[in-house]
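Q: One structure coming up, written as structure tokens, with questions to follow.
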There are 2 protein chains.
Amino acid sequence: MLELPLETLHGALVDPVLLSMNLLNDIATHHPNAISFAAGRPFEELFQVNQLHEYLDAFVAYLSNDLGQNAAQVRRTLFQYGRTKGVMHHLVAKYLEVDEGIRVDPESIVVTVGAQEAMFLVLRALRTDERDAVLAVMPAYFGLTGAARLLDMPVVPVASGPTGIDLDDLGRQLTATRKRGLRTRALYLVPDFSNPTGVSLDLTTRRRLLDIAAEHELLLIEDDAYGLFHAAPGERTPTLKALDTERVVLHIGSFAKTGLPGARVGFVVADQPVTRQGAVVGPLADQLSLIKSNVTLNTSPVAQAIVGGKLLRNGHSMLAANKREIEIYRRNLQQVLSGLARRFPAGGPVSWNTPGGGFFIVVTVPFPVDDKSLERSAREHGVIWTPMHHFYANLDHSQQLRLSFSLLTPELIDEGLERLAGFIAAESKLP
Amino acid sequence: MLELPLETLHGALVDPVLLSMNLLNDIATHHPNAISFAAGRPFEELFQVNQLHEYLDAFVAYLSNDLGQNAAQVRRTLFQYGRTKGVMHHLVAKYLEVDEGIRVDPESIVVTVGAQEAMFLVLRALRTDERDAVLAVMPAYFGLTGAARLLDMPVVPVASGPTGIDLDDLGRQLTATRKRGLRTRALYLVPDFSNPTGVSLDLTTRRRLLDIAAEHELLLIEDDAYGLFHAAPGERTPTLKALDTERVVLHIGSFAKTGLPGARVGFVVADQPVTRQGAVVGPLADQLSLIKSNVTLNTSPVAQAIVGGKLLRNGHSMLAANKREIEIYRRNLQQVLSGLARRFPAGGPVSWNTPGGGFFIVVTVPFPVDDKSLERSAREHGVIWTPMHHFYANLDHSQQLRLSFSLLTPELIDEGLERLAGFIAAESKLP
């Protein structure tokens, strides 16, 4: 029988970054009764199967009433192969205007199979040969690092620091990368409630970053998965794309957190003009579309219909659609912060940050945290979280862990923190 | 404003193979009233919006009744992030058994965003560096060639010939490729009713191909998009996978033609054991899953639910589900064959093949056929088809064109062939 030695397959398959997700899932699977602060999943108790039918019907009504499609055209839109850039692009553009104050031509949007495909398409477009590298604010979501590894593209870390990005370090890395003979094609970051740190860039930092990007002709890949989940309503900072006058920002959006993960619908706004022999041939979105047609062909029109229907039922606003969820995330954030404060004295060896929203908090502990610590935490204390070293490209040792609070109830948070305190106490006493 | 010269993006973006689909779509868009023999789309007049609701409900009932999921678990399966290898894997395994006589462990199946993603994942796994090449029976579907180009992987053509694959040429190419210092990782082919030729491999050729593959440890990538559409019921030849005793076959399936294109659901059976330091670590499917988690994360569970529901409503058989469609394709094939015979005398300069089923027929004409001929055909004669040179990796000149008959009615076929005869007559007189 034919056997395939692992070393005859792509090198990324033995890369610890790619194995991170599997390893974390395995621990969760083996400890089903542990309380999990691990999964960055949206709150699920408000989901109802009936919503799928309602959203679908809303999209059908839109095709017919708003776009003037007859019954045969409606069926074709839903059932047949569709436009590579998507069939809900007008709704995405409207959503961006309503919720983010971003105005873009719908033709510069590519609807993707989640934000993950958007990252993959962007990196594929930008990586022409082994000299092309992508910068990423570290710690970074491992979906970005994993996509880069699959494309044999080096990821150059830029320090996050307390402001969400260390701009001095960015300058240093740009210089150092150039000296290594690499081209820095883009910088990836999550400006709002970053995964994994929960940190957001303030307005001044955003403006300075945009200036630096324009000066260096550096594309910024803005991953906006959590931007709507602000704990203090009305205080949202504009996205980089909303501030982008020089078209240096590629804006990646996800409907996994605001719509439903099970639709696997995200998008990228790529309005950069692409030129051929000096003449503009169209937005970068058209080139991403060409790549997409050879990766997934289309994003399922049925899945788009469901997310589109959710937008239609909520005045094109995911902020409106998630009113109750946002309250829950806010409540959970407060619950975690106050629960930590109650259990660990200020100025002591255990500390944490105070995000303004999102799904994540980072806790610093007085001992190294690795996958073995997580295994002990799960087995002996019944609580799961994410070791922060998974978010570093080189898997540096770390004394930090990420708590995700989006999926839990106040009772589970309280019990989970009690268990976490037990784990931290036990671990602090280890030789 | 930042501009991106096309030459700073991945080289595939200026590759004529990647541009084929766009070019063909453009011509179709500019001539909306032309009769189209171009699109390889399933017959759409039997689609009903209501089916989407019914399929979804059937899948919900399956989760609850067959898998014993409670209401919260059902919601989680549909709405949340899901298993990377898919949530309908048991249904796919059952379908393969019922319709194809293929028995596989559901764990060796990866449910993908259409067959396109399956091809992409397989090529990504097999391409470790610039020495890895893929063989493909040419002419070949350009989704395969496009995926290879995106991965900077050479495609080595193997002649199709009248039997669907020229096994002598396969031997020659294996030798020649090795001499060039390349590793031939796999051979791609569509054994049943190939796109674009419509040709199928007979049983003897299949068995010989399997022997050669086992001898050379050559993986066979079997693309089975059209296998169920046999014009003579009861006469289906087993797929390569059904005959595969040595696990040399990677079987790629599509539910675009048999389910609905708008779900974008396909799959790959990858049951090859992967070894690490001599020990089996699991099926190749697990490695493809790892890649998938960094390309699209999951295939939409909602989309899987719809295709799964269609299987459930039809006893796990797409053959049963497509009874009426198969009749229509059979009728259309006869209509095209008899229409051609009526218009072009046997032994004359115009000839065509006689496929045993599928969506496609290839017509040979006494003049070169390129995109300019297609443009003239659309503009002056109101009929569209696909120039065969798009299915060759090097876009060789060709005197052939592909007719797709799956989407048409008998009336449109007749009128379309009349127009095609006009085009051929006019073109034959050109200097």
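Since every read-out is calculated from the coordinates, none of them should be taken as a lab result. As the structure is a computational prediction, the values presented were derived from the model and not from experiment. Using ideal geometry, Cβ is built from the backbone for each residue, glycine included, and neighbour counts are taken over all protein chains shown.
Q: Hey, can you grab everything whose amide H is under 5 Å from the amide H of B:Ile35? Only 5+ residues off in sequence or another chain; H modelled, so Pro and N-termini drop out.
A: B:Val383, B:Ile384
Q: Taking θ as phi - 60°, what are the ³J(HN,Hα) couplings along region A:252-264 by the Karplus curve (6.51, -1.76, 1.60), each to the nearest whole Hz, with x for Gly and Pro?
A: 9, x, 10, 9, 6, 7, 9, x, 7, x, x, 8, 6
Q: Going highest first, how would you order B:358-368, B:299-309 by mean Cβ packing within 10 Å?
A: By packing density, highest mean first, the sequence is B:299-309, B:358-368.
Q: While we're on this one: Residue farthest toward the positive end of the dipole of the protein assembly as shown, with Cβ of Lys/Arg at +1 and Asp/Glu at -1: which of B:Ala303, B:His381, B:Met1?
A: B:Ala303
Q: Would you work out the charge dipole size for region B:55-318 about its Cα centre, treating the Cβ of every Lys and Arg as +1 and the Cβ of every Asp and Glu as -1, and quote it to the nearest 20 debye?
A: 640
Q: Can you pull the one-decimal nm distance between simple spin-label points at A:Gln334 and A:Ala279, each 7 Å off the Cα toward Cβ?
A: 6.1
Q: Still on this structure, I have one more. Would you mind ranking A:Thr275, B:Thr245 so that the residue whose beta carbon has the fewest other beta carbons within 10 Å leads the list?
A: Going from sparsest to densest Cβ surroundings: B:Thr245, A:Thr275.
Q: With unit charges on the beta carbons (Lys and Arg positive, Asp and Glu negative) and the dipole taken about the Cα centre of chain B, which residue among B:Leu13, B:Leu401, B:Leu67 sits farthest to the positive side?
A: The listed residue farthest towards the positive side: B:Leu67.
Q: Further, regarding this structure: How far is B:Asn353 from the same spot in each other copy, in nm, shortest first, if each label point sits 7 Å from Cα toward Cβ?
A: 6.0
Q: How many Å³ per residue does the convex hull of the Cα positions in region B:55-318 occupy?
A: Cα-based convex hull of region B:55-318, divided per residue, equals 129 Å³.
Q: Let me ask something else about it. To the nearest whole number, what is the average tally of beta carbon atoms from other chains within 10 Å of the beta carbons of peptide A:67-80?
A: 4
Q: Please give the charge dipole size of region B:341-431, origin at the Cα centre, charges +1 on K and R Cβ atoms and -1 on D and E Cβ atoms. Round to the nearest 20 debye.
A: 140
Q: Quick check for me: using +1 on Lys/Arg Cβ and -1 on Asp/Glu Cβ, what's the dipole size of the protein assembly as shown about its Cα centre, in debye to the nearest 20?
A: Magnitude of the dipole: close to 160 debye.
Q: Additional query: With N residues in region B:258-348, what two-decimal value do you get for its Cα radius of gyration over 2.2 N^0.38 Å?
A: Output field value: 1.73.
Q: Also, I was wondering about something else. Tabulate in residue order the Karplus-calculated ³J(HN,Hα) for region A:115-123, using 6.51 cos²θ - 1.76 cosθ + 1.60 with θ = phi - 60°, rounded to whole Hz; enter x for Gly and Pro.
A: Values per residue, Gly and Pro as x: 5, 4, 5, 4, 4, 4, 5, 5, 5 Hz.
Q: So who's got an amide H within less than 5 Å of the one on B:Val249, skipping anything under 5 residues away but keeping other chains? H placed 1.01 Å off N, in plane.
A: B:Leu220
Q: Sticking with this structure for a sec: Within region B:366-431, report the trypsin sites (Lys or Arg not before Pro) that DSSP leaves as loop and that have at most 14 other Cβ atoms within 10 Å.
A: Within region B:366-431, the qualifying trypsin sites (Lys or Arg not before Pro) (loop, at most 14 other Cβ atoms within 10 Å) are B:Lys429.
Q: Residue by residue through B:263-270, how many Cβ atoms from other chains fall within 10 Å of the Cβ on average?
A: 3
Q: Moving on to the next point. What is the average number of partner chain Cβ atoms found within 10 Å of a Cβ in B:114-127?
A: Partner Cβ neighbours, averaged per residue: 4.
Q: Next up: Among B:Ala263, B:Ile35, B:Phe47, whose Cα lies farthest out toward the positive end of the dipole of chain B, if unit charges sit on the beta carbon of Lys, Arg (+1) and Asp, Glu (-1)?
A: B:Ala263
Q: Ordered shortest first, which distances in nm separate the 7 Å Cα→C-beta label point of A:Glu217 from those of the other copies?
A: A:Glu217 label point versus its equivalents elsewhere: 4.7 nm.
Q: Under the rule of at least 5 residues apart or a separate chain, name every residue whose amide H is placed under 5 Å from the amide H of A:Ser293.
A: Here nothing satisfies the definition.
Q: Determine, at each q value in 0.08, 0.10, 0.11 (inverse angstroms), the log₁₀ of I(q)/I(0) that the Debye formula gives when each Cα of the protein assembly as shown is one equal point scatterer.
A: Evaluating at q = 0.08, 0.10, 0.11 Å⁻¹ gives log10 I(q)/I(0) of -0.71, -1.11, -1.35.
Q: For chain A, take the longest principal axis of its alpha carbons; what is the angle in degrees between that and the long axis of helix A:323-343, to the nearest 10 within 0 to 90?
A: With both axes taken from Cα atoms, the answer is about 20 degrees.
Q: Find every distance from the label point of A:Leu67 to the corresponding label point in the other copies (7 Å from Cα along Cα→Cβ) and write them in nm, one decimal, shortest first.
A: 3.0
Q: Just to check I understand the Karplus step: with θ = phi - 60° and J = 6.51 cos²θ - 1.76 cosθ + 1.60, what whole-Hz values come out for region B:86-93, glycine and proline as x?
A: x, 10, 10, 5, 5, 5, 5, 4
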